[in-house]
There are 2 protein chains.
Amino acid sequence: MDQPGSTPERLRRQIEFVIEVDQLKNVFRRSPLLAADRRENDAEHSWHLALMALVLAEYADEPVDPFKVLAMVVLHDLVEIYAGDTFLYDAAAAAGQQDRERAAADKLFAILPDDQRDRFRAVWDEFEERVSAEARFAKAMDRLQPLLLNYGNRGGTWRTPGVTEADVLARKSVIGESSAELWAYAETLIRTGAEHGWVPRS
Amino acid sequence: MDQPGSTPERLRRQIEFVIEVDQLKNVFRRSPLLAADRRENDAEHSWHLALMALVLAEYADEPVDPFKVLAMVVLHDLVEIYAGDTFLYDAAAAAGQQDRERAAADKLFAILPDDQRDRFRAVWDEFEERVSAEARFAKAMDRLQPLLLNYGNRGGTWRTPGVTEADVLARKSVIGESSAELWAYAETLIRTGAEHGWVPRS
């Protein structure tokens, strides 16, 4: 987008970033929505995590800074604008994912003024590395949300050929790193889904 | 969504709320995206405001609590799940909008446990009434974001029959209640758009 020539340089870069990330609305995930018959995109997904973080913060086993959690979930998938969405149960795609996403972060955050580039990158790195209570809680939201969509859709991506109950339990156990209660709930959903035949027993 | 019978009552209501709000992804606005040839939905829009609040917070003329701003923009459009989106330039639809949205808030937030119902409602009321620096900044983001989409689309909803440059300036001047610098920028975009013929001169 061509901005007016009078725009101060700092603001120009910030608005360019705001415009660039509009593309997140066009990165589609595997998960089907509950409210409509289509797949979810990353912008909707990120919003849903923010909403969940507001509702479910009390279940974090360690105290979390709620602002930091929200900032993380808002930013966590931006790299997929350039790196694409990597399906949780696709081991082949997972190879090289980290390198692809880091290169994407380098490129995308560089649009921002340097101080914000560094701050946003630090938030994203922290999320990826799960080195703080906030990162563990944000990641728990990121794993719980599609689980709710799959359960509500009586299978969803659990029905992908080759995926079993044990795979789902293994991938989702990350929730337990942040919240014993939410993990107990998630485990019950997965086992109930398997009982209903929405994901094959291992 | 039927939740397992073992789910504690408080968590059951919280998850029911998380599921109910999936519908925000199916409430479509008038604004066209930049990244794809379709209209934007409320969930994507709310995420975009959160991202903008992170990038542009420094332009608020009064100090703002950044967590409160994020909570506001994440929640601000939830009432539209039941009340629908009201187009900014449709005066007829605006009549009754407040009553419709209050009834929607009563219904939606009542899904939550009572303490969260009251807290979320207070955040939404504060946003609607623009009685705090956070509410004024959140509202500025809400007005600036579609303006960027319209400008980037060389008109967008500015091309709605009957809408003039003066209408756009009047509706967007709310940005100036929070940030003189962002309002100066927005005003330049609107005047530049009118020069290009993307919105008719009054």
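Below are the figures for this structure:
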{"item": "Modelled FRET efficiency - R0 45 Å, A:THR160 with A:ALA103, Cβ distances, 0.05 increments", "result": "0.95"}
{"item": "Label point distance in nm, A:ASP118-B:THR192, each placed 7 Å from Cα along Cα→Cβ", "result": "3.0"}
{"item": "Pairwise burial A:B, computed as accessible area of each alone minus the pair, summed, 1.4 Å, Å²", "result": "5000"}
{"item": "Percent RCO, i.e. relative contact order, over chain A, from Cα pairs under 8 Å lying at least 6 residues apart", "result": "22"}
{"item": "Partners for A:LYS139 among lysines (Cα-Cα distance below 17 Å; same-chain residues under 8 apart left out)", "result": "A:LYS68, A:LYS172"}
{"item": "Alpha carbon centroid spacing (whole Å) that separates region B:50-127 from region B:1-33", "result": "16"}
{"item": "Simple label model, 7 Å out from Cα along Cβ direction - B:ALA36 to B:ALA180, nm", "result": "4.1"}
{"item": "Cleavage-rule hits, GluC sites (Glu not before Pro), region A:23-62, DSSP coil, Cβ neighbours within 10 Å at most 10", "result": "none"}
{"item": "Other protein chain Cβ atoms within 10 Å, averaged over every residue that makes up B:54-62", "result": "4"}
{"item": "Hull shadow area, averaged, the protein assembly as shown [alpha-carbon convex hull, nm²]", "result": "19.1"}
{"item": "Per residue accessible area of region A:49-202, 1.4 Å probe, in Å²", "result": "39"}
{"item": "Exposure rank, largest accessible area first [A:ASP42, B:ASP106; 1.4 Å]", "result": "B:ASP106, A:ASP42"}
{"item": "Within the accessible area of the protein assembly as shown (1.4 Å probe), percent carbon and sulfur", "result": "47"}
{"item": "Potential lengthening between A:ALA57 and A:ARG171 on full extension [0.36 nm per residue; Cα-Cα distance subtracted]", "result": "38.9 nm"}
{"item": "Listed residues B:ALA93, B:ALA57, B:ALA138, most fluctuating in chain B (Gaussian network, C-alpha, under 10 Å)", "result": "B:ALA93"}
{"item": "For residues of B:34-43, the mean tally of beta carbons on other chains within 10 Å", "result": "5"}
{"item": "Residues of region A:126-151 buried by at least 30 Å² on assembly (accessible area, 1.4 Å probe, chain alone as reference)", "result": "A:LEU148, A:TYR151"}
{"item": "Degrees between helix A:42-56 axis and first principal axis of chain A (Cα, 0 to 90, nearest 10)", "result": "70"}
{"item": "Degrees between helix B:97-109 axis and first principal axis of chain B (Cα, 0 to 90, nearest 10)", "result": "30"}
{"item": "For A:VAL27, net neighbour charge (Lys/Arg +1, Asp/Glu -1) across residues whose Cβ lies under 9 Å away", "result": "-2"}
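The values are calculated or read from the model by the stated rules, or taken from the named source; none is laboratory data. Keep in mind that this is a model prediction, so the values were computed, not measured. Glycine also receives a Cβ, built like all others from the backbone with ideal geometry; neighbour counts cover every protein chain displayed. With ligands, DNA and RNA removed, areas are computed over all heavy atoms of the protein, side chains included. Shrake-Rupley method; radii C 1.70, N 1.55, O 1.52, S 1.80 Å.
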